[in-house]
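Below you'll find the structure, written out as structure tokens, and then a few comments.
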Amino acid sequence: MAAEIDRPVEHDLTPSAAPPSEAPFVNRRDPAKALGPDGRPQVSRRAPKWADVPDEKWDDWRWQLSNRVNELHEIEEVLDLTDEEREGLSAPDKFRVDITPYFISLIDPHDPDDPIRRQVIPLGREQQAFTAMMEDSLAEDRHSPVPGLVHRYPDRVLMLVTTQCASYCRYCTRSRIVGDPTQNFNRKDHEAQLEYLRRTPQVRDVLISGGDGLTLAPKLFESILRGLREIQHIEIVRIGSRVPVFLPQRVDDELCAMLEKYHPLWINLHFNHASEITPEVSRAVDKLTRAGLPVGNQSVLLAGVNDCVNVQRELIHKLVENRVRPYYLYQCDLVEGSGHFRTPVGKGLEIIEGLRGHTSGYAVPTYVIDAPGGGGKIPVMPNYLISYSDHKVVLRNYEGYITTYEEPLEYRQHDKQSCRSCQQTRPEPGQSGVHGLLQGERMWIEPKGFEEIHSRGNVDAHRLQRPDKWVPYGVGAIEGQARTLPVLAAGGNGGGQLDDSMLPTERAATDTNAGIVDTETLVPEEQRDRSYGPGEEPRPREGEPTASAHGELL
């Protein structure tokens, strides 16, 4: 035994076959990892004007800002302009035009109705006034205790840190100051804003906007975030930005490393159409989410851009695919230059109704009107919508403040025949019956294939069809006079064993309920026209009310 213990153990030193190495999994469904035909990260279209620009310059956000186009002759090198676009670009008092090379490259140069084009290229009709048009439709100046700070709600403020943007939306709410370099905010203004917040402890939430804070020099923007984080009662800081849409190159590793130092930090972006969500945008949003920022989206309902339930559905699906939560759908404000973008409030209600139930609940935004006169954001829903006429909407905000929103006098309905999203809608079997209800073609909606569903699978009789549970006499039985029919034994085909002691009428009723035979086959001819006492009336065929039910219901 000792010898066996002392004997050295012999090990098999023959190299064993290594387990086959598995290729690392790559999630190709992740839009941030989309690859182009060359196997490199996918990129969007680049206009021929910049075809010779090296990639390192094209991907530099500073180069993009420095090479924005704004003059008629520059834009004409990229797009085939219409006469009305030339008129808009030539107007001496037009709202500022500046478009990054990246963003204008996404526009179809030959399509005057391109949804991106309509958002950044001015039209001559911008100069037309409309009913209820206002310079400061949200009364922000009236709620501004110090320059650039809007304190409209009890516990949160809007902090305008700049009047400059990467590009300029033609429906801009703050067009009275945005884009004007003479009205910009500086460090002195930022310090005055911070001082007000230090002395106002009820403020717990600050939204940084402008203009667009992400266009500021990185060190200046960080100094603002640091100043907010040094105020103990400021819990949440939010950033409202369209830079990742106009200029996704700005969202680089350096920016994200800086942002994640100042959590809790949120960011809301501004996409209006699915065409704006490019591979570059997907990678930018991925960087933001990996830096720990919850990302939301605020859209504006715009005639000729996204006033279509199918366009909106395509947008929100692409947003959630990129981990962006649809937050608000805004009614277009009553601001100068936006008249041709405005839709009736009913169009927004129609879109929300067409989304809810047809897609995930977290993908459906809240439809709101930013109340004229400074009432804040009011959801268009019961308790807030007081009255809706053919020309005016009356709303109540959270404080009981009553305001009105003037409906547009002219609105060109969305053209479904020319809309790509309408022509390529996702099939939804059984979910298209609402139109028939409204047109009076039917009185109820049954999912497509409803009858086939019952014949394929669920063959057990409903409890109200079982004669031991339901007394077939009009709409109810008379106490103590109803005859109880025998209980059917459960059968594989939904029928059961028939009791020979059953009356012919009871037998017929049972067989009919089980879907086995017609009453005509079992009830003798002499009994077919007889009168029945309470509880003796046979169960009618499915869908046919009894004579007594007819009398009582009609």
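The values are calculated or read from the model by the stated rules, or taken from the named source; none is laboratory data. Predicted model only: the values in this text are computed from it and were never measured. In this analysis, Cβ positions are derived from the backbone assuming ideal geometry, glycine residues included, and neighbour counts consider all displayed protein chains.
Residue-by-condition table, conditions (1) of a type in the set (Val, Ile, Thr); (2) at pLDDT 95 or above; (3) within 24 Å of LEU216 (Cα to Cα); (4) touching a His at 6+ places or on another chain (Cβ under 9 Å):
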| site | (1), (2), (3), (4) |
| --- | --- |
| SER66 | no, yes, yes, no |
| GLU71 | no, yes, yes, no |
| GLU74 | no, yes, no, no |
| ASP80 | no, yes, no, yes |
| SER90 | no, yes, no, no |
| ASP98 | no, yes, yes, no |
| PRO101 | no, yes, yes, no |
| LEU106 | no, yes, no, no |
| PRO109 | no, yes, no, no |
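Taking segment 147-163 as the range and being of a type outside the set (Val, Ile, Thr) and either part of a loop (DSSP other than H, G, I, E, B) or touching a helix residue (DSSP H, G or I) at 6+ places or on another chain (Cβ under 8 Å) (or both) as the test, the residues that pass are PRO147, GLY148, LEU149, HIS151, ARG152, TYR153, PRO154, ASP155, MET159. Comparison of GLN183, GLN202, GLN193 shows that the only residue that is at pLDDT below 95 and of a type outside the set (Asp, Glu) is GLN183.
In segment 330-351, the count of residues that are charged (D, E, K, R), assigned by TED's automatic domain parsing to the domain that holds LYS416 and within 12 Å of the chain's Cα centre (by Cα) is zero.
Of all residues being within 18 Å of the chain's Cα centre (by Cα) and not in a strand (DSSP E or B) in segment 283-303, which is nearest to LEU255 (Cα to Cα)? Just the residue, please. That would be VAL285. All of ILE75, ILE116 fail the test of being out of contact with any Ser or Thr (no Cβ under 9 Å at 6 or more places or on another chain), in a helix (DSSP H, G or I), not assigned by TED's automatic domain parsing to the domain that holds ARG420 and not polar (S, T, N, Q), apart from ILE75. Take segment 196-237 and flag every residue that is within 27 Å of VAL97 (Cα to Cα), of a type outside the set (Ser, Thr, Tyr) and touching a residue at least 40 places away in the same chain (Cβ under 8 Å). Selection gives LEU207, ILE208, GLY210, GLY211, ASP212, GLY213, LEU214, LEU216, PRO218, PHE221.
If only one of LEU214, LEU149 is assigned by TED's automatic domain parsing to the domain that holds ALA274, within 32 Å of the chain's Cα centre (by Cα) and closer than 22 Å to PRO372 by Cβ, which one is it? Within the list LEU214, LEU149, the selection yields LEU149. Flag set for ALA34, criterion: touching a Ser or Thr at 6+ places or on another chain (Cβ under 8 Å) and at pLDDT below 95.
Condition check ((1) outside any loop (DSSP other than H, G, I, E, B); (2) in contact (Cβ under 8 Å) with a residue 24 or more places away in the chain) across all residues:
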| site | (1), (2) |
| --- | --- |
| ASP38 | no, no |
| LEU65 | yes, yes |
| LEU79 | no, yes |
| GLU84 | yes, yes |
| LEU89 | yes, yes |
| PRO92 | no, no |
| TYR102 | yes, yes |
| ILE107 | no, yes |
| ASP111 | no, no |
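Would you confirm whether any residue within segment 222-229 is polar (S, T, N, Q) and surrounded by fewer than 21 Cβ atoms within 10 Å (Cβ to Cβ)? Within segment 222-229 (the criterion being polar (S, T, N, Q) and surrounded by fewer than 21 Cβ atoms within 10 Å (Cβ to Cβ)), the answer is yes, since at least one residue qualifies. Set side by side, the residues LEU255, LEU207, LEU228, LEU220 differ, and just one is touching a strand residue (DSSP E or B) at 6+ places or on another chain (Cβ under 9 Å) and part of a helix (DSSP H, G or I), which is LEU228. Against the definition (of a type outside the set (S, T, N, Q), free of Cβ contacts under 8 Å to residues at least 12 places away in the same chain and surrounded by fewer than 21 Cβ atoms within 10 Å (Cβ to Cβ)), how does ASP155 come out, yes or no? So ASP155 does not fit the description; no. Determine if segment 264-284 includes at least one residue that is β-branched (Val, Ile, Thr) and more than 19 Å from PHE103 (Cα to Cα). Taking every residue of segment 264-284 in turn, at least one turns out to be β-branched (Val, Ile, Thr) and more than 19 Å from PHE103 (Cα to Cα).
On inspection, GLN202 passes the criterion of being polar (S, T, N, Q) and part of a loop (DSSP other than H, G, I, E, B).
Just checking, does segment 123-137 include any residue being modelled with pLDDT of 95 or more, touching a Phe, Trp or Tyr at 6+ places or on another chain (Cβ under 7 Å), in a loop (DSSP other than H, G, I, E, B) and not polar (S, T, N, Q)? So far as segment 123-137 goes, no, none of its residues is modelled with pLDDT of 95 or more, touching a Phe, Trp or Tyr at 6+ places or on another chain (Cβ under 7 Å), in a loop (DSSP other than H, G, I, E, B) and not polar (S, T, N, Q). Residue count for segment 326-345, restricted to those that are over 20 Å from VAL311 (Cα atoms) and not in a strand (DSSP E or B): 6.
Every test in (1) among the β-branched types (Val, Ile, Thr); (2) within 26 Å of ARG96 (Cβ to Cβ); (3) outside any helix (DSSP H, G or I); (4) modelled with pLDDT of 95 or more is passed by ILE177 save one, and that test is (4).
Would you mind stating whether GLU321 is surrounded by fewer than 23 Cβ atoms within 10 Å (Cβ to Cβ) and at pLDDT 95 or above? Taking the combined requirement at face value, the residue satisfies it.
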